[in-house]
Structures are given as C-alpha cells and as structure tokens.
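Laboratory data are not the source of any read-out in this text; all were calculated from the coordinates shown. Everything numeric in this text was worked out from a predicted model, so none of it was measured. When we count neighbours, we look across all protein chains shown, and the Cβ atoms used for this are built from the backbone with ideal geometry, even at glycine.
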Amino acid sequence: MLLNCCLVNEPMVVRDVGRLRLPQVGRVAPYDGDVPFLVLDAQDQPVVSVLDYLRMCQACGFEPLSIEAYARALLRWFRFLWAVEVPWNRATSVEARDFTLWLQQNKFHRRRPRPGRAGTVNARTGKRRPGAGTAPATINQTLSVVSEFYRHHISMGAGPLLNPIPARRPGPGGERYAAHHNPLQAFPSSRKAPLRQKVPKRAPRSLPDAAFDELFAAMRYDRDRALLAFYVSSGARPSELLGVTNRLVDPGNQTIGVIRKGTKALQHVPASPDAFVWLRLYQRDLPASCLRRSAPVFWTLRRPLRPLEYDAARAVLLRAQEALGTDWSLHDLRHTALMRMSQDLNLVEVRDIAGHGSLRSTEPYLQPRQEEVLAHAREHFERLRDPQRRHDAQPHLPSSVLGYDADDMLELFGGVR
C-alpha cells in the first residue's frame, strides 16, 4: 500500500510497511551443479543474478551451509522486491530501509517454532522465545549478505550505481574496518553500518547439572543418550559431531576426531568414558554396514537407515523436551561442555578443545552461571542476617594493625604521653 504525502512542497511516496504482505513465492532448492543451492523464482526458474553471486561464493571456498544461508537471505530480499514491484538493479536505500522495517515486524519461518507464546521467557530455562519480528542478529546477517551481493555486481559493472545497503564506513585509505587490529587491544570505537540493529551481548547459555540429568533421563534410545553424552563432554559443534565416522572414534584414548567447521582441519577432542559406553550399547544393534570404518557413527532409527543430520538431531531434542517444558538447543550442550571445562582447565586449553581462533571467543565461558551468582548472593544476604556468621566472616586483624603506635603519635604531634 502506498501513501502520498508532501514535505516541503515536494511529492513523496511512502510505503505502508505495516500492511505489506509478501507473497510466498520462490524457494531455495538443492542443486547438483557447480553450486549446492539455487534461488528459484515464482516460475521455478533460477534467479540469474543470485546464481552468479553464489557461484562466486563457491569459487571462494564457502561451505555448503554458508551458501544455503546466503541463498535464504537473498530470497528474503527478492521476495520483498517482488512484492513492491522494484527490479533488483533499480533498488535504492529507500527499499533497503523499508525492507529493514518489514523485517523488524515480520519474520520468515523455516523450522518448527519453539513451543510457547512468542516473545515470552521460558520459566525453566530463562530463554526468551523468538518474538513476532525477525531477530536483530538475523537482520544484520541478511543486510550484510545483500550488501555483498550488490558489491559483487557493482564491481562487475552490473546492478545500480550505488549499493542500496552500504557497509560500515571504511578506514583510512579505503581499507576495511579494523583490518590491522592488534588482538591484544580492544577494537577501536566506530559507528555501526547503516540500518544495522543493536544486538545484546549475552553470556553462553548452559544447562545446570540437574537440568541435564533431567534431559538425559528423557532420552528413550541408546543412540540419543550417546549423542547427548558426546555433546556435553566433547564440546564439539552440532554439525561436527554428526560428521564423525567410525574411523575417528578412539575408545582407548577416549577421543573422537572432528572436522572443524571453519578450517576443515582434523582435530581429536576428548570425551567422557560414559559417552563411549553408551556408544557401544547403541552399536550393538546396528547392522555391519553401519560399522564400517568409513561409515558415520550416528544413524536414523527408521529404516532405511540414513546418516543422522542436524534437523533430525534437533527434532530428537525437541521431542524429549515437550513433556519437560524446556527449550534447550544442541548448541547449549556445547556451551555446557565448555563452561564445565573452564572450571578445571586453563583458557588456552579450553580454546584448543573448542576450536576457537581467538581467546576472545573463549573468554565468555569464564563467566559464572546466573544460577551460581544468585546462589552466592543469597548466601551473602543470609550471612548479613545472622550476627554470628557475619562476625565469623570478618577478618581478624592484629591490634597493631587496627591502632597507631603511641611513640609515633608523640613524634608527629608532640605532647605528653
């Protein structure tokens, strides 16, 4: 819907974003060609401009999951352009602004939403359920992808003359922001890029011991128990653990080999003895074809057996939590493992096990859990209420420290003893 208004005697056209409804046309589809995913339009034909950009991403070595995320971000943008009837190469900052406003009020549903009313806080986990609009981090990721999409086409001589979604203001000489940053120093202060949202800083969300025991007891199969035991002891990312093969499992040294998400390097990480016990119980009933050294460790329960993927593992966790009323995620299990390790290992060791590229990514795991902080605060107030405990908590200093020496006072101020 369009509204005509007048500012300084000049006509303007303003979109009523609140009433805008995007048609559910187009989709992201797997592809067996030179890119793993395509963005298809309403006629089920590939969007040529997006295909050209995704081919560039593939040539730069992007992972298939990253290319899929980029394709979905561009599908959001193109659905908006199709709704407002603006060609992609005619888009301006006005369309970018309206697109951001629409995202703040609406969202794209891909997976099954978490149980509970949108925007409320789960009383058991303390996690806020997604609201009616798109999360600020998702908006920023979408705007960054669209900005890079236009930067690519502008460098190729196609698209508009100006990028409708400019990036952060470049540094001296046109270099990117903090290109030569010293990791031992704080990042220089700078204004965020236009249209970018403020993202609150949150501590890693981890499961208390009682909550994990409750979740583990809700698992019905040995496969699911082994999966949780490896997640909460190895600290591997969800996709990394699902990619482990039988060749990379070493019960003798109690390690598993994972392919790191970013570097694609093979790294052996430790796991608890209980995890290997549950794995052995799970593998008793597997056919011989699933126990080959090159075969994946985790498989679906329904036949025909297929390697367990992320969406299926996530569904296992959601089904187990429906009766518990919790909404823990697979990544929360990784946070739990790293939080536990930080209590006994030093920061460098936790960083190496986690596969972080910088200590800055590992430092948040040194923060205490909110439950621990609240428990210590309650002990503090109880100690203040009890006079005997308050007296015992005070340090006992020698009298020579509490008072002044008489000879020193006479020396300083004079007088008679």
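Here are the numbers for this structure:
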quantity	calculated
Filtered residue count, segment 25-44, keeping only those that are under 29 Å from Gln105 (Cα atoms) and more than 27 Å from the chain's Cα centre (by Cα)	6
Tally of residues being part of a loop (DSSP other than H, G, I, E, B) and within 25 Å of the chain's Cα centre (by Cα) across segment 298-315	3
Filtered residues of segment 294-340 (kept if among the small types (Gly, Ala, Ser) and either farther than 16 Å from Asp224 by Cβ or touching a His at 6+ places or on another chain (Cβ under 6 Å) (or both))	Ser294, Ala295, Gly325, Ala337
Failed item in (1) part of a helix (DSSP H, G or I); (2) more than 25 Å from Leu101 (Cα to Cα); (3) β-branched (Val, Ile, Thr), with Val35 passing the rest	(1)
Enumeration of residues in segment 306-316 that are surrounded by 14 or more Cβ atoms within 10 Å (Cβ to Cβ) and without any contact (Cβ under 8 Å) to a residue 40 or more places away in the chain	Ala312
